[in-house]
Amino acid sequence: MSNTYTIIVADDHPLFRAALTQAIGTQVDGADVLEAEHLQHLEHQMRSEVDLVLLDLHMPGANGFSGLIYLRTHFPSVPVVVVSGNEQPSVIHRAMHFGAAGFIPKSSSMTDIIDAVKTILNGGQWVPPDLPAADQAMDAQDSKFADQLASLTPQQFKVMVMLTEGLLNKQIAYELSVSEATIKAHVTAILRKLGVYSRTQAVIMAGRLRIEHPQDEAIK
């Protein structure tokens, strides 16, 4: 195993990202730590050799679990650890089922975070030790959905996420710098691969990727 590691900390909160980057850089031997503040930046960083990604579920450009599934589908050899303020057991289990190598609550001590990173770099998995058992029925549904999402191309995946955000075809075409006809073709392919017959059904189905932001819960 290599004695040097390239690790990406992908989080849009600058203070947390900086603290985590500094901690890993000083406490994990041989760590070269890169930062990403949104999904597009993360995609650019993934062009280099990467050993581990620490991913927030609420980064700009991602929609709940969409960033995790995108990375696991298109960079399957790179382990992804979710680092999130949403610590519900159901969220942790779903993240693991969608292919995460670990789940680190943001409330964890920096010592626990570093221990988790070292465990995963050594080929292990890490979740909070007091995590209750998973819901098996939910696992089966997530497995089927994850397989369907894995069949999407990177561009189709981006279009699907934009559909869930309520963007029209012409708006998506503008964002991706392609023609509206190209987006229509992508939408047709997405519907076929998800096994649905309308974009409304696709949006409802893709809603499985959404999770509440911890800040939203705090407001209630």
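Worth a mention:
- All positions within region 1-37 that are in a loop (DSSP other than H, G, I, E, B) and surrounded by 15 or more Cβ atoms within 10 Å (Cβ to Cβ): D11, D12, H13, V28, E37
- Condition met for S48 (hydroxyl-bearing (S, T, Y), within 19 Å of L121 (Cα to Cα) and in contact (Cβ under 8 Å) with a residue 40 or more places away in the chain): yes
- If only residues of region 39-51 that are surrounded by fewer than 23 Cβ atoms within 10 Å (Cβ to Cβ) and touching a helix residue (DSSP H, G or I) at 6+ places or on another chain (Cβ under 9 Å) are counted, the one that is modelled with the lowest pLDDT is L39.
- Some residue of region 76-94 being buried (at least 19 other Cβ atoms within 10 Å of the Cβ), assigned to a loop (DSSP other than H, G, I, E, B) and free of Cβ contacts under 8 Å to residues at least 60 places away in the same chain: yes
- For region 66-75, the criterion of a residue being small (G, A, S) and in contact with a Leu (Cβ under 6 Å, 6 or more places away or on another chain) is satisfied by at least one position.
- Qualifying residues in region 160-172 (those that are assigned to a helix (DSSP H, G or I) and over 16 Å from the mean Cα position of the chain (by Cα)) - the one modelled with the lowest pLDDT: L163
- Complete set of residues in region 49-108 that are among the β-branched types (V, I, T) and more than 18 Å from Q156 (Cβ to Cβ): V50, V53, V78, V80, V81, V82, V83, V91, I92, I104
The values are calculated or read from the model by the stated rules, or taken from the named source; none is laboratory data. Since this is a predicted model, take the numbers as computed values, not measurements. Here Cβ is always computed from backbone atoms with ideal geometry, including for glycine, and neighbour counts include all displayed protein chains.
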